[in-house]
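See below for the structure under consideration.
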Amino acid sequence: MTHFKSGFISILGRPNVGKSTLFNCLLGDKIAIVAEKPQTTRNRILGIKNVEGGQLIFLDTPGIHQGRSELNQRMVRTAIASGRDAEVVLFLIEATAPLLEKDQQMIESLRGSSGVPFLVINKIDLVKKQNLLPIIDQYQKLLSFEAILPVSAMTGEGMEILLDEILKVLPESPPYYPEDMVTDQTERFWVSEIIREKVIQQSYQEIPYSTAVTIEEFKEHPEKNLVVIKGTIHIERDSQKKILIGKDGQKLKKIGEAARKEVEAFLGTRVFLELWVNVEKNWTQDPRALNRLGYPSTLNHSH
Ligand SMILES: Nc1nc2c(ncn2[C@@H]2O[C@H](COP(=O)(O)OP(=O)(O)OP(=O)(O)O)[C@@H](O)[C@H]2O)c(=O)[nH]1
Ligand SMILES: [Mg+2]
């Protein structure tokens, strides 16, 4: 395995710039959930890409922001910790709304990382090429980036160059993971994320930020080509429960159907998905509830 290269590449940036879309695009699979609203990703998500001569391990992370709740703070700590040990850090910004000042703060908060920094400018499908030059000019002054790469995670533009540039700077190392492994997340976790994605996509105002999903049962019945899944959607207030269930349960039914379809396509089996809504008062502020709902205060993984 001489000259084989391998390492961790952390994708960091403010909320909604397209980190998870880029992550999925690089991996060629929908591993992370995506939504139009900010603060969708809450955990560090790992995805493995094998190329000739190398293994690239991408880390999708929560957006770095200044939310006050304990959940917000844990999300930001998760992102920063994921950047700290990575061999490469992709600072992702969006070409449509670069915010030099806030990005400057973000980059400052990550000074402790030893990873090789790249500036990746996303959503270039939405702007004229000549608008990129002033952005590049400004950001170059913030940090000495190894490379500055304009991409579109939506159309895939720029992905090949990005992968090549990353591979160039990765250290020589044997692969960290077996070649047939795509992610370290369980199917259960992925299903809970898909359900959360549908809730976010189909609701407004504070509901996306007040929702957590847990899976109570995940039973495979291969003889029936069926998987039975029971999930709970946790929200913070009684009023939110009413909205989420909707008139005659219509809203919850729609969410469940959208999630079931996607899970069926992924698992390649029929799925029976049963969803419950539970009010867990102020869980986004409560350390013990956060631990229980899948947002522990420290990372379980070293990377
Ligand atoms: N036009 C366009 N839209 C994009 C592109 N990349 C992402 N988006 C959209 O931007 C929105 C946010 O995408 P996400 O991938 O969820 O962003 P994120 O940075 O992971 O967001 P958080 O997890 O909330 O921090 C979604 O509506 C995406 O479809 C792109 O290259 N072009
Ligand atoms: Mg995300």
Self-check item: Debye, to nearest 20: dipole size of the range 199-243, +1 on Lys, Arg Cβ, -1 on Asp, Glu Cβ
Solution: 140 debye
Quiz item: Using the Kyte-Doolittle scale, which helices in the chain average at least 1.0 and also have C-alpha atoms spread 18 Å or more along the helix axis, with helices defined as whole DSSP H runs?
Solution: none
Quiz item: Per residue, how much accessible area does the range 1-72 show when a 1.4 Å probe rolls over the protein heavy atoms, in square angstrom?
Solution: 34 Å²
Practice problem: For the chain, calculate the relative contact order in percent as a whole number, restricting contacts to Cα pairs under 8 Å that are 6 or more residues apart. | Solution: 19 percent
Practice problem: At q = 0.07, 0.08, 0.14, 0.16 Å⁻¹, what is the base-10 log of I(q)/I(0) for the chain according to the Debye formula with one equal point scatterer per Cα and no solvent? Please give it to two decimals. | Solution: -0.28, -0.37, -1.09, -1.34
Self-check item: List MET154, MET181, ordered by accessible area with a 1.4 Å probe, largest first
Solution: MET154, MET181
Quiz item: Once fully extended, how much extra length lies between GLU108 and ARG270, figured as 0.36 nm per residue of separation less the alpha-carbon to alpha-carbon distance?
Solution: 53.5 nm
Quiz prompt | With 5 Å bins from 0: P(r) over the range 6-155, alpha-carbon pairs, percent | solution = 2, 10, 20, 24, 22, 14, 7, 1, 0
Quiz prompt | At R0 = 51 Å, FRET efficiency that the Cβ-Cβ distance of HIS221 and GLU36 yields, to 0.05 | solution = 0.90
Practice problem: Report HIS65's accessible area, 1.4 Å probe, all protein chains in place, as a number in Å² to the nearest 10. | Solution: 30 Å²
Exercise. Set the Förster radius R0 to 45 Å, insert the Cβ-Cβ distance between TYR176 and GLN138 as r into 1/(1 + (r/R0)^6), and round the FRET efficiency to 0.05.
Key: 0.80
Quiz item: Taking only DSSP H segments of four or more residues, each worth -39500 (n - 2.57), what value at 222 nm results for the chain once the sum is divided by all its residues, to the nearest 500 deg cm²/dmol?
Solution: -10000 deg cm²/dmol
Exercise. Compare the peptides 127-133, 69-75 by average per-residue count of other Cβ atoms within 10 angstrom and give them in order, highest first.
Key: 69-75, 127-133
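Output the relative contact order of the range 168-301, whole-number percent, from Cα pairs under 8 angstrom with separation of 6+ residues. Working shown, then result.
Working: 162 pairs, mean separation 30.8, N = 134.
Once normalised by length, the contact order is 23 percent.
Compute the signed sum of charges (Lys and Arg +1, Asp and Glu -1) over the other residues within less than 14 Å, Cβ to Cβ, of ASN50.
Working: positive: LYS5, LYS49; negative: ASP29, GLU52, GLU179, ASP180.
That sum, taken over residues with Cβ under 14 Å, equals -2.
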Exercise. Determine the percent antiparallel among the DSSP beta bridges restricted to the chain, to the nearest 5.
Key: 35 percent
Self-check item: Per residue, in Å², the accessible surface of the range 163-235 once ligands and nucleic acids are set aside, probe 1.4 Å
Solution: 49 Å²
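Of LYS141, LYS5, LYS102, which has the most accessible area with a 1.4 Å probe, and how do the rest follow in descending order?
LYS141, LYS102, LYS5
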Exercise. Report the accessible area of TRP276, computed with a 1.4 Å probe over the heavy atoms of all protein chains in place, in Å² rounded to the nearest 10.
Key: 150 Å²
Exercise. Could you pull the accessible area for SER109 with a 1.4 Å probe, rounded to 10 Å²?
Key: 60 Å²
Practice problem: Whenever you get a sec, compute what percent of the accessible area on the chain sits on carbon and sulfur atoms (1.4 Å probe). | Solution: 51 percent
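The values are calculated or read from the model by the stated rules, or taken from the named source; none is laboratory data. It should be emphasised that the depicted structure is a prediction, and the values quoted were computed from it without experimental measurement. Methodologically, a virtual Cβ is constructed for each residue, glycine included, from the backbone with ideal geometry; neighbour enumeration extends over all protein chains shown. For the accessible areas, the whole protein counts, side chains as well, though only heavy atoms, and no ligand, DNA or RNA atoms are used. Shrake-Rupley method; radii C 1.70, N 1.55, O 1.52, S 1.80 Å.
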